[in-house]
Amino acid sequence: MKAAVLSPFFLPGSAGQLFSLYFRPGQEGHPEHFILLFPPFAEELNKARRMLSLQARKFAAMGYGVLLVDYYGTGDSAGNFGDATWAIWQEDLGAIVAWLEQAGAKQVSLWGLRLGAMVAMHSLPRLRDRLGDRLNRILLWQPSLRGDQLMTQFLRLRLAADMIGAGSKVTVQDLRDQLAAGGHVEVAGYELSPGLVEGLDSLNMLNLGAAESPPVEWFEVVSSEDQPLSPASQKVLGAWRDAGMQVSTHTAMGEPFWVTPEITVLPALLEKTSALMQRDDSGR
């Protein structure tokens with residue numbers, strides 16, 4: 001294996017420049033198999049950046065090219081969080097695919113964490129239209145299952161902060177009513193736009209499976225080796241298999257690194273994911 005080389009750059013998006021990180025193999029020549037990373041939401045991305053970087057470097061050392069693009073309005077991309085809308089995020093997918101094509105990608109795998117897993121599955125039809133048989137496989141780390149539940153959990157952070165501060169009795173429904181009326185809502189330093197929340201609310205993994213999907217590798221973090229996947233995950237996986245999808249499941253024991261107070265590394269997840277991709281060395 002050769003050490004990975006990290007190349008930051010800005011990708012022209014539909015509403016502004018998108019900060020991108022390209023992890024490429026530290027060897028001569030260009031990779032033919034790329035992995036497109038769909039990041040998680042808000043603070044979960046900050047908590048997970050260490051894990052994502054470690055895994056991306058491992059992939060690159062194995063010969064893959066890995067591309068991480070901060071959604072518009074997030075990270076170091078242009079725009080403020082409150083400017084981000086679901087429509088912009090979807091439109092920017094075209095520029096990302098164009099970059100992969102220009103880079104000479106002969107195979108592309110998708111990799112999503114939490115919200116990023118849902119965004120990857122939602123984007124699959126458009127990616128399939130553009131990339132066709134070049135889509136290789138999909139790696140999902142601890143997928144969020146429903147966008148509306150994820151948004152409700154996020155809005156509850158505002159309730160907790162208000163109770164500690166001024167003792168406000170604002171409810172999740174109050175915040176949702178504010179969004180429905182076209183207003184923005186601030187949560188933990190992130191300003192949510194109605195155009196973003198509406199789109200994310202619509203995501204539901206049960207509806208995102210398709211027989212034409214490339215093989216899916218579903219990873220969940222568990223607290224003990226014998227802990228099964230959550231019933232909600234099993235329901236989604238059952239529906240996907242009934243639809244004809246090829247899905248394999250994996251667990252890794254450790255802490256939920258995307259929400260722990262301190263930055264946490266989960267070696268078991270890195271090792272299992274790397275071993276899986278190491279076995280699939282075709283096209284690299």
Subject >> Length gained when the stretch residue 3-residue 162 is fully extended (0.36 nm per residue, less Cα-Cα span) >> reply: 52.6 nm
**OP:** Go through the range 50-62 residue by residue and turn each phi into a ³J(HN,Hα) via Karplus (6.51, -1.76, 1.60, θ = phi - 60°); whole Hz please, and just put x for glycine and proline.
**Re:** 4, 4, 5, 5, 4, 5, 4, 5, 5, 4, 5, 5, 7
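Counting pairs of alpha carbon atoms under 8 Å apart in space and at least six apart in sequence, what relative contact order in percent does the chain give?
After rounding, I find 20 percent.
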**OP:** Mind grabbing the accessible area of residue 263 for me, 1.4 Å probe, Å², rounded to tens?
**Re:** 100 Å²
Original post:
Does the chain come out rounded, prolate or oblate, given a ≥ b ≥ c as the square roots of the eigenvalues of its C-alpha gyration tensor, rounded meaning a/c under 1.5 and, failing that, prolate meaning a/b above b/c?
Top reply: prolate
Original post:
Suppose every K and R has +1 on its Cβ and every D and E has -1 on its Cβ; what is the size of the dipole of the range 42-87 about the Cα centre, in Debye to the nearest 20?
Top reply: 360 debye
Subject >> Relative contact order %, the range 116-202, counting alpha carbon pairs below 8 Å whose residues are six or more apart >> reply: 26 percent
Original post:
aspartates and glutamates within cross-link reach of residue 106: Cα-Cα under 19 Å, excluding same-chain residues under 8 positions apart?
Top reply: 28, 32, 129, 133, 212, 280, 281
Original post:
To the nearest 0.05, how large is the calculated FRET efficiency for residue 43 and residue 270 if R₀ is 22 Å and r is the Cβ-Cβ distance?
Top reply: 0.55
Original post:
In whole Å, how far is the Cα centre of the range 214-243 from that of the range 68-124?
Top reply: 24 Å
Subject >> 17 Å reach of a label modelled at residue 232, 7 Å along Cα-to-Cβ, counting backbone N of the range 127-149 >> reply: 141-149
**OP:** Please list, in chain and number order, the residues 5+ apart from residue 38 or on another chain whose amide H is under 5 Å from its amide H, with Hs placed from the backbone.
**Re:** 111, 112, 113
Subject >> 5 angstrom amide H check on residue 243, placed H, neighbours 5+ away >> reply: none
**OP:** Report, ordered by chain and residue number, the lysines lying within cross-link reach of residue 272, taken as a straight Cα distance under 19 Å and ignoring same-chain residues fewer than 8 apart.
**Re:** 58
**OP:** May I ask you to give the percent of accessible area on the range 160-243 that is carbon plus sulfur, with a probe radius of 1.4 Å?
**Re:** 53 percent
**OP:** Just tell me which aspartates and glutamates come within less than 17 Å, Cα to Cα, of residue 169; anything on the same chain fewer than 8 places away is out.
**Re:** 177, 186
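The values are calculated or read from the model by the stated rules, or taken from the named source; none is laboratory data. Just so it is clear, the model here is predicted, and its values are computed rather than measured. Note that we place each Cβ from the backbone using ideal geometry, even for glycine, and neighbour counts take in every protein chain shown. To get the accessible areas, we keep the full protein, side chains included, count just its heavy atoms, and leave off ligands, DNA and RNA. Shrake-Rupley method; radii C 1.70, N 1.55, O 1.52, S 1.80 Å.
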